[in-house]
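Novice: Please find one structure pasted underneath; my questions will follow.
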Amino acid sequence: MSLSNTDHPTHKTRAEEATSQPPKTGRLAAASAIGTALEWYDFTVYNIMAALIFNHVFFPSFDPLVGTILAFSTYAVGYVSRPIGGMLFGHLGDVLGRRFVLVTTLVIMGVTTGLMGLLPGYAAWGIWSPLLLVSLRFIQGIALGGEWAGAVLLAMEHGKAHQRGRNASFAQVGPSCGTLLGTIFITLITVALSTEQFQLWGWRIPFLLSLALVIFGLWLRRGVGETPAFLQLEKNHSTTHTPIKEVFLHHPRALLIAGGSRIGSDVLYALVVVFTLTYVTTVLHLPRPLALTATMLGAIGNAITVPLFGALSDRLGRRPVYIAGVLLAMVWAFVFFILLDSTHPVLICLSVIGGLLIHAVMYGPQAAFVTEQFPVQVRYAGSSLAYTLAGIIGGGFAPLIITSLYKESGSTLWVSGYVILTLLITLVALWKAKETAHQPL
């Protein structure tokens, strides 16, 4: 049996919060998206640097492709540590509230990314340099593990019942916005600086700029109170002290379905956004700005269409929209490389834009689908665990696996086969799930 602490000194303030005016849709959307935007800004900057520069700065004693694989290994560390954050902040989000966790994770993400920008390279600190990089990635991953579910719940639990798909998708816009910002900044820096300047100090600038996003995000979230769903739990003395335990004991099926639904979309995103940079510059030997331009255009399309498909899932249901995206992605796993191998700039841009539009078909309904699998008492913990555990299998190791598969086989067919395999896992999860779009929370 679990009870909340009704004598908490902020209880009166929370009660007053519940009767105040709900936040406007624009501010709610921005407050929800800013955390995931910062998350994917950080990840995009890291991904691009891992593909372009980290093999020189932190792993200089290896050949370029092996150095890139090592850099992607440190990228995976950020995913491995996410379940720790999912358990820690998932617990706090269901015990202390959504808003408290969202402020904490935002600060940790920004500080760790800023410190990466100050980290000396291998030439100055030797082995300690990549070790500290891995350590910062680990801490960053812990914070990221608690951010996504809270960002989704902030918008979904504040919004109207018939708009849950659209409102939950606000957080899903963040990755594209973060990817776009990160890519734009890096493109401007690479154009403005010489290769030597970029390698020496220019790569640090995008990492340090993440601190500005943190300040803006804190200002946004100050204007959005605790969600009505959590306030009602507190009022009814229904919060739980052991949300993680309850998820594993009483909601294992929901955890498997929610986690499985994410794997395919994460791998598709890694293919289209992360591996494209390596493939275009290292394999096709085409200019770096071409790959960055394709990514920017794709991110714009993704950001615009994610809420549209989220809203469409409010009308048609989560599963039909989501499954349509999975089936399209299976086809695109092959079309993608056909377009890239043409080496034509327009077709390369089309390959990335098409891939990210298909990703939006899955990503739009995903946030609502995942969080709707769990009751409100354990919704933060359950969603965080599903997100982080699936992230390890999906996005975390995807760049490493994709790059290694191509290096060993020399063929993109193995890469496409791997992507389809992960999409099949998502398809099975969706097939086993019940429709949740029109069910009460």
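Novice: Just to be sure, is residue 226 surrounded by 14 or more Cβ atoms within 10 Å (Cβ to Cβ) and within 24 Å of residue 107 (Cα to Cα)? Show your work before the answer.
Specialist: Values: surrounded by 14 or more Cβ atoms within 10 Å (Cβ to Cβ): yes; within 24 Å of residue 107 (Cα to Cα): yes.
Here the answer is yes, as residue 226 does meet what is asked.
Novice: Something else about it: For residue 59, are the conditions met, namely being assigned to a loop (DSSP other than H, G, I, E, B), hydrophobic (A, V, I, L, M, F, W, C) and either touching a strand residue (DSSP E or B) at 6+ places or on another chain (Cβ under 6 Å) or modelled with pLDDT under 70 (or both)? If you could, list the steps in order and put the result at the bottom.
Specialist: Details: assigned to a loop (DSSP other than H, G, I, E, B): yes; hydrophobic (A, V, I, L, M, F, W, C): yes; either touching a strand residue (DSSP E or B) at 6+ places or on another chain (Cβ under 6 Å) or modelled with pLDDT under 70 (or both): yes.
Taking the combined requirement at face value, the residue satisfies it.
Novice: Something else: Return yes when residue 154 is under 25 Å from residue 386 (Cα atoms) and either touching a His at 6+ places or on another chain (Cβ under 9 Å) or not hydroxyl-bearing (Ser, Thr, Tyr) (or both) and no when it is not. Give the derivation first.
Specialist: Working: under 25 Å from residue 386 (Cα atoms): yes; either touching a His at 6+ places or on another chain (Cβ under 9 Å) or not hydroxyl-bearing (Ser, Thr, Tyr) (or both): yes.
Yes, satisfied.
Novice: Considering only residues that are in contact (Cβ under 8 Å) with a residue 40 or more places away in the chain and under 23 Å from residue 394 (Cα atoms), which ones fall in region 314-326?
Specialist: 318, 319, 321, 322, 323, 325, 326
Novice: Next question. Of everything in region 273-284, what is open to solvent by less than 20 Å² (accessible area, probe 1.4 Å) and of a type in the set (Ser, Thr, Tyr)? Give them in sequence order. Spell out how you get there, then give the answer.
Specialist: Filtering region 273-284 for residues open to solvent by less than 20 Å² (accessible area, probe 1.4 Å) gives 273-280.
Matches in region 273-284: 276, 278, 279.
For every residue, the table says whether it meets (1) under 29 Å from residue 88 (Cα atoms); (2) modelled with pLDDT of 95 or more; (3) open to solvent by less than 20 Å² (accessible area, probe 1.4 Å).
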position: 257; (1), (2), (3): yes, yes, yes
position: 271; (1), (2), (3): no, no, yes
position: 286; (1), (2), (3): no, no, no
position: 295; (1), (2), (3): no, no, yes
position: 300; (1), (2), (3): no, no, no
position: 304; (1), (2), (3): no, no, no
position: 309; (1), (2), (3): no, yes, no
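Novice: So, one more: Could we say that residue 218 is closer than 30 Å to residue 159 by Cα, touching a residue at least 24 places away in the same chain (Cβ under 8 Å) and either aliphatic (A, V, I, L, M) or buried (at least 20 other Cβ atoms within 10 Å of the Cβ) (or both) here?
Specialist: Numbers: closer than 30 Å to residue 159 by Cα: yes; touching a residue at least 24 places away in the same chain (Cβ under 8 Å): yes; either aliphatic (A, V, I, L, M) or buried (at least 20 other Cβ atoms within 10 Å of the Cβ) (or both): yes.
The answer is yes for residue 218.
Yes/no matrix, rows are residues, columns are (1) out of contact with any Leu (no Cβ under 9 Å at 6 or more places or on another chain); (2) at pLDDT below 85; (3) polar (S, T, N, Q); (4) farther than 30 Å from residue 95 by Cβ:
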residue: 185; (1), (2), (3), (4): no, no, no, yes
residue: 192; (1), (2), (3), (4): yes, no, no, yes
residue: 195; (1), (2), (3), (4): yes, yes, yes, yes
residue: 204; (1), (2), (3), (4): no, no, no, yes
residue: 214; (1), (2), (3), (4): no, no, no, no
residue: 227; (1), (2), (3), (4): no, yes, yes, no
residue: 233; (1), (2), (3), (4): yes, yes, no, no
residue: 236; (1), (2), (3), (4): yes, yes, yes, no
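Novice: Kindly provide the set of residues from region 266-291 that are aliphatic (A, V, I, L, M) and over 14 Å from residue 399 (Cβ atoms), ordered by number. Don't jump to the end; show me each part of the working.
Specialist: Just the residues of region 266-291 that are aliphatic (A, V, I, L, M), to begin with: 267-268, 270-274, 277, 280, 283-284, 286, 290-291.
Residues satisfying the conditions are 280, 283, 284, 286, 290, 291.
Novice: Considering region 231-287 alone, what residues qualify as being within 21 Å of the chain's Cα centre (by Cα), among the hydrophobic types (A, V, I, L, M, F, W, C) and over 30 Å from residue 343 (Cα atoms)? Before you say what the answer is, go through the steps one by one.
Specialist: Kept after step one, since they are within 21 Å of the chain's Cα centre (by Cα), are these residues of region 231-287: 254-278.
Those still in the list that are among the hydrophobic types (A, V, I, L, M, F, W, C) too: 254-258, 263, 267-268, 270-275, 277.
The answer is 254, 255, 256, 257, 258.
Novice: Looking only at residues in region 229-243 that are open to solvent by less than 40 Å² (accessible area, probe 1.4 Å) and touching a Lys or Arg at 6+ places or on another chain (Cβ under 9 Å), which one is farthest from residue 47 (Cα to Cα)?
Specialist: Ranking the qualifying residues of region 229-243, first place goes to 234.
The values are calculated or read from the model by the stated rules, or taken from the named source; none is laboratory data. Treat the numbers as computed from the prediction; the structure is a model and nothing was measured. Here the Cβ is made from the backbone with ideal geometry for all residues, glycine too, and neighbour counts use every protein chain on show. Note: accessible area is taken over every heavy atom of the protein model, side chains too, but ligands, DNA and RNA are not part of it. Shrake-Rupley method; radii C 1.70, N 1.55, O 1.52, S 1.80 Å.
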